[in-house]
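Every read-out reported here was derived from the displayed coordinates using simple, explicitly stated rules and does not represent laboratory data. Only a predicted model underlies this, so the values are computations on that prediction, with no experimental measurement involved. In this analysis, Cβ positions are derived from the backbone assuming ideal geometry, glycine residues included, and neighbour counts consider all displayed protein chains.
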Amino acid sequence: MASNSAFALSIPLSFVPCRSNHQTLGVPTKPSLALFKLANPLNSPRFGAKPTGFSSKPTLFFRRFRARNSLGDAADDEPPPPLVGEDSAVFELAKQKIASWVYFSVILGTVLYVLDVIWIDNSTGLGKAFIDAVSGLSDSHEVVMLILIMIFATVHSGLASLRDLGEQLIGERAFRVLFAGISLPLAVSTIVYFINHRYDGQQLWMLQNVPGVHQLVWLSSFISFFFLYPSTFNLLEVAAVDKPKMHLWETGIMRITRHPQMVGQVIWCLAHTVWIGNSVAVAASIGLLGHHLFGAWNGDRRLALRYGEDFEVVKSQTSIIPFAAILDGRQKLPKEFYKEFIRLPYLAITALTLGAYFAHPLMQAASFRLHW
């Protein structure tokens with residue numbers, strides 16, 4: 001369950017309810033003349049038809065009969081169970097308010113300006129002093145990298161664990177502002193340090209000139225972003241324009257894995273460690289993967305406390321390992337499962353991922369100018 005700071009941490013390092021209702025096919029309780037006039041042999045018990053529970057329309061019944069017999073298993077024709085969680089990545093344009101997006105733009109601009117003044121700008125901000133203090137703990141870039149990730153992870157996961165208490169004390173919006181205000185500068189520092197020192201470690205292997213490696217790394221990174229950001233779909237909540245909520249997502253990428261951000265981070269780390277091939281990349285991957293593995297456990301714990309039996313239902317139908325619940329039959333995919341991905345948030349992720357790839361030179365130049 002991603003947050004805005006985890007969203008920021010992963011980009012430069014590169015990179016609900018639509019319920020399935022069971023329909024009850026009606027059967028007349030009293031015989032009628034029209035029913036007797038059908039005289040369709042498919043309606044007789046001889047052909048496996050039940051005396052009740054099926055439509056009197058022969059076309060509909062024949063379609064169901066043929067589908068069940070062709071599959072050899074009547075259960076395969078049953079729709080997936082109704083949702084107890086939320087349908088993810090739903091964006092209804094008709095329900096959007098222009099004022100909300102104006103507020104979002106103003107808040108985003110304000111946050112970026114304040115972040116630059118109090119943290120990024122070396123003449124006024126504290127970011128360089130923070131990096132210098134951590135760098136003074138060790139001459140090893142690998143150790144500094146791990147310390148930076150550990151600081152970020154402790155703050156990020158610690159505040160997430162205190163979310164329920166914090167929201168009770170100061171409210172959902174105020175806690176989101178506090179959470180972002182502390183996590184975001186630490187994420188930026190970790191990102192900039194990684195970009196500036198990614199090639200300073202001990203070279204362990206060099207595969208960048210091997211044919212196909214660049215394409216594999218690029219494709220893996222692209223796919224990882226569809227896993228990394230399922231909980232940033234509602235940007236208005238991220239910016240606290242709408243009241244932030246802890247969502248129990250159940251559709252889309254959640255059908256593949258219950259912890260998509262962790263899976264996305266694994267894919268990203270493996271791809272970039274293969275590409276860079278040195279000790280700094282290995283250290284960064286170890287730190288990030290450790291943080292996300294803990295986050296998966298902590299996320300389940302927090303959702304269980306918040307949603308109780310509903311979460312247990314979602315948990316029983318999903319898996320941490322991608323596709324495991326689908327393969328063992330616990331997750332029943334809708335017939336048009338692909339439509340859960342043809343939604344504006346996923347299209348936005350596609351555009352942002354491509355933009356981040358082509359903006360790599362700009363990010364690297366901006367990070368280098370900070371001399372962190």
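Observations
- Selection among 117, 171, 214 by position relative to the dipole of the range 112-249 gives 171 as farthest towards the positive end (Cβ unit charges, Cα centre).
- Cα gyration tensor category, rounded, prolate or oblate, for the range 121-244 with a/c compared to 1.5: oblate
- Distance between modelled label sites at residue 206 and residue 106, nm, 7 Å Cα→Cβ extension: 5.5
- Among the listed pairs 128/315; 128/243; 97/332; 315/339; 243/335, a Cα-Cα separation exceeding 32 Å is found for 128/315; 128/243; 97/332; 243/335.
- Potential extension, residue 124-residue 91 segment - 0.36 nm per residue separation minus Cα distance: 7.9 nm
- Extension gain for residue 339-residue 138 works out to 67.3 nm (0.36 nm per residue, less the C-alpha to C-alpha distance).
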